[in-house]
1. Tally time: how many residues in the stretch A:105-142 are modelled with pLDDT of 90 or more and farther than 30 Å from residue A:80 by Cα?
2. Would you check which residues across the stretch B:106-129 are assigned to a loop (DSSP other than H, G, I, E, B) and surrounded by 20 or more Cβ atoms within 10 Å (Cβ to Cβ) and list them?
3. Just wondering, is there one or more residues in the stretch B:100-119 that are more than 9 Å from every other protein chain (Cβ to nearest Cβ), within 15 Å of the chain's Cα centre (by Cα) and within 23 Å of residue B:179 (Cα to Cα)?
4. Which pairs turn up if I take residues in the stretch A:106-120 that are farther than 15 Å from residue A:40 by Cα and look for partners that are in a helix (DSSP H, G or I) with beta carbon separation below 6 Å, at least 6 apart in sequence or on another chain?
5. Please enumerate the residues belonging to the stretch A:14-33 that are more than 13 Å from residue A:226 (Cβ to Cβ) and either modelled with pLDDT of 90 or more or in a helix (DSSP H, G or I) (or both).
6. With the stretch A:202-293 as the region, which helices (runs of 4 or more DSSP H) entirely inside it contain at least 2 residues that are buried (at least 22 other Cβ atoms within 10 Å of the Cβ), touching a residue at least 24 places away in the same chain (Cβ under 8 Å) and within 14 Å of chain B (Cβ to nearest Cβ)?
7. Could you list, in sequence order, all residues of the stretch B:130-140 that are crowded, with 17+ Cβ neighbours inside 10 Å and assigned to a helix (DSSP H, G or I)?
8. Hey, any hits in the stretch B:23-31 for a residue that's buried (at least 20 other Cβ atoms within 10 Å of the Cβ), under 15 Å from the mean Cα position of the chain (by Cα) and within 11 Å of chain A (Cβ to nearest Cβ)?
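The values are calculated or read from the model by the stated rules, or taken from the named source; none is laboratory data. Treat the numbers as computed from the prediction; the structure is a model and nothing was measured. In this analysis, Cβ positions are derived from the backbone assuming ideal geometry, glycine residues included, and neighbour counts consider all displayed protein chains.
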């Protein structure tokens, strides 16, 4: 039983990271309709920012973490300015920004590898290697830090979308871009903000992940794939769907690896079976947007 | 107040509007008439700056050319539109729809959100009763009231209405006619796109008739109402234009 509970802590930890990357996809996708596969690279840039700010410059976490988030938020905003806005201005075909962002993915990866090299880099555990035990639930301090930070972040994003006028404006753009424009909502600003906030959220995922894994220039792609899978599972329409999708994906992944009598390489494919199942049987994901039939 | 000079516009490479000349003075309610496909809605889109390519001309608002301005800037300058097909945000509540209508409300001119809600709820008490209801579950007439109320939330100086009576029951048409009359009496400048002459003649002081993307006629409503060919006005004007084109 204890083994299973510890596994569940690990599921929540991994699911939280996947959920954050899924949320980064969602924040861009809802108001713009653009699937941003560079979200995984944004997370990787967050991890490399942590290497710079926390490992090399030895900034305390309380300063280093917000700086990393701001830096990747800035990268997100620049991504929109460079790769998306010029296409939207020219009424380019719908798929153009997606392809352009795939190009940015390559540019980011190559830039990171030339700046930081191709070797593994490390970020120290902010709370050391100690274990935390809450009754029969136990895990590393970093696991609990990730879970708490992610729950807090999701709550903030949820409050932004549900309780602020800016969040409502994002929703209006997601529902009907033309209607939103006719209300005087600045579509250009909403698009830029969605990329900046999406970048910040993905960057947070990278910073949280960095201490428990090695930081490497190829770390973005698996995160992009897992985040996208979590998004499909959870549904695009609601913030909490991204977290739910991330947790379900991590659950299937971890439980299959731990308990299924199949080689671990095959077990890694289990989440993608889940992705195919959802695409076939429930393409809207677990949670549908409010008002959607 | 709003003047359009030699405006040509369209979608992609297709020209829809050609050489449009049009003006509306402060406090006026003018009608923009014409058959289906005449370019009335395109002209509305042109003015508000959404989804249209301008080829040439000027759209002057208070003496300033706004042809290259973005829609949020234009709405911020005091224009608002009740679009064709209402375009309410169906999954949101009535209150959220109205609140978003106030996105460009100019608070520096003394307007407050609470005051605008009061103003709209006085005009359409039914929206007050249903303020927590999901907009998509309202009846067609209530949705049209919401679309008008939402446009009014930005305290506009000019209200553009694109076929607000389309598909409504007669009793609702009368309610909306009454509301627009009240707005007219309060001095709000309005441009009403309409196909039905009787409705337009009841409200407007002047009317423009668009045929095939061009202004075929501009006249006072009194003169229009006195025309012998009023019942076949669009057909008569279209025939005259065709004759002119051939010769």
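1. Going through the stretch A:105-142 one residue at a time, the tally reaches 0.
2. Going through the stretch B:106-129, the residues assigned to a loop (DSSP other than H, G, I, E, B) turn out to be B:106, B:110-112, B:124.
Listed by number, the list holds a single entry, B:124.
3. No - not one qualifying residue is present in the stretch B:100-119.
4. Once the first residue is farther than 15 Å from residue A:40 by Cα and sits in the stretch A:106-120, its partners that are in a helix (DSSP H, G or I) give A:116/A:48.
5. Applying the first criterion (more than 13 Å from residue A:226 (Cβ to Cβ)) to the stretch A:14-33 yields A:26-33.
Selection gives A:26, A:27, A:28, A:29, A:30, A:31, A:32.
6. Answer list for the stretch A:202-293: none.
7. Matches in the stretch B:130-140: B:135 only.
8. Filtering the stretch B:23-31 down to residues buried (at least 20 other Cβ atoms within 10 Å of the Cβ) leaves B:24, B:29-31.
Still in the running and under 15 Å from the mean Cα position of the chain (by Cα): B:24, B:29-31.
When the remaining residues are screened for being within 11 Å of chain A (Cβ to nearest Cβ), the result is none.
No.
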